[in-house]
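J.: Quick one: structure below, then a few questions.
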Amino acid sequence: AAKEKGRDNLAMFEPSLDRIARQRREIENDLRDALARGQMRMHYQSIIDLDTGRTTGFEALLRWYHPHRGVIEPGDFLSVAEDTGLIVQLGEWVIRQSLADAVAMPGDFRIAINLSPTQVKNPNLVATVAQAIHATNIEPERVELEITEHVLMDQDEVGHSTLMRLRELGVRIALDDFGTGYSSLGYLRRFPFDRIKIDRGFIADVASDLGSQAIVSTITRLADALGMDTTAEGIEDRAQLDLLRKLGVQEAQGFLISQPVLPEEIGPPGEECGIELHAPDPELGPEF
Ligand code: C2E
Ligand code: MG
Ligand code: MG
Ligand code: MG
């Protein structure tokens, strides 16, 4: 019976592996033409200041409006884009489009753009960013580039000097998904980031888990001491938001505040998707 079961499992497993490989090939083929066919869109998710509740900026998040598959999120095509090198062309489009959208927004919002390690490795990156800033005439300090520590891990020297050159353009650099990789503290010493984005993994249970509270509090104080700002990612409920304010995190982002939206849905400052803040509940969580 065990043997039969094993064979059944195998029989069920093989076609699905095959399907995954076939799907990946289809995505790869479709992805080659997606830009030219105008199927890519940027969505923007607001980031609020936890003192005022006002929107300070937006993170640009890539979406693929696929004619048959619907709206596809980056998790389902970025690795194909990376493996095929299509990420470079795609990433250049993201930079130009995000800055063009930013200057058309009804406010001087900061615009945060994600960069993959392959993009940072590309020798044209600095020129692409410089040209996009020039073409849109955006104040460079409104532009924030988000990288993960993989960028500094893969190619320490190249990554570091590229980031320094980007910084000379006047743009800000944020360390994304902080706390998920390896030996994160070393990277904070090696590069003067403007901002740390605290990974959603610590935020998910921050309202109930003392360990996560201690970590968020420590990251926040460390960032303070290093002259960096903090943004918490993935806020989904009010208890998380109130606790993060209490722990001294400066900015917050997440579905509680807003989903990523199309640029035409963004209102002027004050009418954009801000959030009502009241005094933090003194009963919430321990003092750090
Ligand atoms: P990320 O930079 O950490 O972006 C945040 C992700 O969390 C986004 O997923 C966002 O939709 C999602 N998110 C926001 N609030 C919440 C929440 O409250 N709960 C939960 N569960 N999730 C939330 P998305 O758009 O699917 O992007 C995934 C990742 O893909 C991004 O992670 C980023 O690393 C990458 N990415 C997105 N757009 C681009 C792009 O234009 N270029 C590059 N190179 N990478 C991109
Ligand atoms: Mg997602
Ligand atoms: Mg990001
Ligand atoms: Mg992140």
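J.: Please find, in a Gaussian network model of the chain (springs between Cα atoms separated by less than 10 Å), the residue of 217, 208, 258 whose mean-square fluctuation is greatest.
T.: 208
J.: Once phi is turned into θ = phi - 60°, what whole-Hz ³J(HN,Hα) does the Karplus curve with 6.51, -1.76 and 1.60 give for every residue of the stretch 205-215, x standing for Gly and Pro?
T.: Going residue by residue, I get 10, 5, 6, 10, 10, 5, x, 5, 4, 5, 5 Hz, with x marking Gly and Pro.
J.: Please list 138, 215 from largest to smallest accessible area, probe radius 1.4 Å, with all protein chains kept in place.
T.: Result, largest first: 215, 138.
J.: Counting other Cβ atoms within 10 Å, keep those with at most 14, restrict to DSSP loop, and tell me which trypsin sites (Lys or Arg not before Pro) in the stretch 53-146 are left.
T.: Of the trypsin sites (Lys or Arg not before Pro), the ones in loops of the stretch 53-146 whose Cβ has at most 14 other Cβ atoms within 10 Å are 69.
J.: Show the residues, 5+ positions off or on another chain, whose built amide H is closer than 5 Å to the amide H of residue 230.
T.: 196, 250, 251
J.: Additional query: Which ³J(HN,Hα) values, rounded to whole Hz and listed in residue order, are derived for the stretch 16-33 from phi using the Karplus coefficients 6.51, -1.76 and 1.60 in 6.51 cos²θ - 1.76 cosθ + 1.60 with θ = phi - 60°, glycine and proline given as x?
T.: Working through the residues one at a time gives 6, 4, 4, 5, 4, 5, 5, 4, 5, 5, 5, 4, 4, 4, 5, 5, 4, 9 Hz.
J.: Using a basic spin-label model with each label point 7 Å from the Cα along Cα→Cβ, how many nm lie between residue 93 and residue 209?
T.: 3.7
J.: Here's another thing I want to ask about it. Stretched out fully, how many nm does the piece from residue 259 to residue 17 gain, at 0.36 nm a residue minus the Cα gap?
T.: Result: 83.9 nm gained on full extension.
J.: Please compute the length gained on full extension between residue 277 and residue 180, using 0.36 nm multiplied by the number of residues separating them and subtracting their Cα-Cα distance.
T.: Extra length from residue 277 to residue 180 when fully extended: 32.0 nm.
J.: Restricting things to alpha carbons, find the Rg to Rh ratio for the stretch 101-184 using the Kirkwood radius for Rh.
T.: 0.99
J.: A further question on this structure: Between residue 131 and residue 29, with labels modelled 7 Å along Cα→Cβ, what's the label distance in nm to one decimal, could you check?
T.: According to this spin-label approximation, the distance is 3.1 nm.
J.: I want to verify the translational diffusion coefficient of the chain in µm²/s; compute it with Stokes-Einstein, Rh as the Kirkwood radius over Cα pairs, at 25 °C and 0.890 mPa s.
T.: Reported coefficient: 120 µm²/s.
J.: How many angstrom lie between the C-alpha centres of the stretch 50-82 and the stretch 162-227?
T.: 21
J.: In 10 Å bins starting at zero, report the fraction of Cα pairs in the stretch 153-267 per bin as a rounded %.
T.: 13, 41, 31, 15, 0
The values are calculated or read from the model by the stated rules, or taken from the named source; none is laboratory data. Quick caveat: nothing in here was measured; it's all calculated off a predicted structure. Cβ sites come from the backbone with ideal geometry, for glycine too, and all protein chains shown count toward neighbours. Side chains included, ligands, DNA and RNA excluded: accessible areas come from the protein's heavy atoms. Shrake-Rupley method; radii C 1.70, N 1.55, O 1.52, S 1.80 Å.
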